[in-house]
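One structure is given below, encoded as structure tokens.
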Amino acid sequence: MESKFTEAYPKTPDATREEECLRVSDMLDLMIDGEASTDEQQYFNKHIEECVSCFENHQKQKLLKGLVSGHLKRVIVPHSLVQSIKARIQETL
Amino acid sequence: MSDQTGKQLSKEEKDARFEAELLPVLDPLYNFAYRLTLDEDDANDLVQETYLKAYRFFDYFEQGTNAKAWLFRILKNSFINEFRKKSKQPAKVDYSEVEGYYNTDDVEGESGVATTTDMRTESVQDLIGDEVASALNALPVDFRTVIILCDLEGFTYEEMAKILDIPIGTVRSRLHRARNSLKEKLEKYAKSMGYNS
Ligand SMILES: [Zn+2]
């Protein structure tokens, strides 16, 4: 639907910017997960240098990932588990 | 017994390799099982089941390939096939009992919640950890799974696609929706605590 709009009217700098923001927001996960290609990284970083709202979205997304990776407690493996596994394996032989 | 692969190991070789290559994955595997089942006993059973299968099919595991991803895939399949039906529902978990320590890595970002309160005190760290856990546990299991695999275990999209038997595009969209959902739950919490998020 975006494209119909831009076909009907000549591109304004605003419309281009909007498209860029959309593209950048689609790349947020790729960026925080280290899955973006070099080209994508360059495009992304150049954009967030100039765009406050995309910059902030990027910060928020990083924070969210950090909450899980840095704050979610790991559960402790019960001491007996390794022994149970080994015992069951020997049983099934 | 047929020997299709032609490289059947002796029991000693098999046991040694099993111990060296597969048992070191026990900790992440148990954590994954716990996050799926939200129950210690169920996690225990699921992990045992996984290792039994891994041992049985060890000849199919190619040495030097990703043992962690292989085991996660077996566990995920066991969970779906046998476990999901009989798995007990959440809400009876006492986190303080079972959750012992954190990753001490700092949160990357410095914006948002991080600046609104003193993050250094242990009680605040505890609160955040508990809140992240309950927000995550409230997500549908498919959403919980991709977030655990990606953010806690650091699997790549490609590895996740293999573990979950779905295309990479589906991994991406599921992860995206899962994060939106998690964000929503955490924002509600932040608001209830009087933070502006
Ligand atoms: Zn933008």
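Numbers below:
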| read-out | value |
| --- | --- |
| Among (1) closer than 24 Å to B:ARG179 by Cβ; (2) more than 12 Å from the ligand (Cβ to nearest atom), the one test that A:SER84 misses | (1) |
| Top-ranked residue in region B:45-74 [being over 19 Å from B:GLU153 (Cβ atoms) and of a type in the set (S, T, N, Q); ranked as least open to solvent (accessible area, probe 1.4 Å)] | B:GLN48 |
| Scan of region B:99-142 for residues that are at pLDDT 75 or above and closer than 19 Å to A:LYS62 by Cβ, ordered by number | B:GLN125, B:ILE128, B:GLY129, B:GLU131, B:VAL132, B:ALA135, B:LEU136 |
| Among residues of region A:38-56, those that are open to solvent by 70 Å² or more (accessible area, probe 1.4 Å) and within 14 Å of chain B (Cβ to nearest Cβ), counted | 3 |
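The values are calculated or read from the model by the stated rules, or taken from the named source; none is laboratory data. Treat the numbers as computed from the prediction; the structure is a model and nothing was measured. Reconstructed Cβ throughout: ideal geometry from the backbone, glycine too, with neighbour counts over all protein chains shown. For the accessible areas, the whole protein counts, side chains as well, though only heavy atoms, and no ligand, DNA or RNA atoms are used. Shrake-Rupley method; radii C 1.70, N 1.55, O 1.52, S 1.80 Å.
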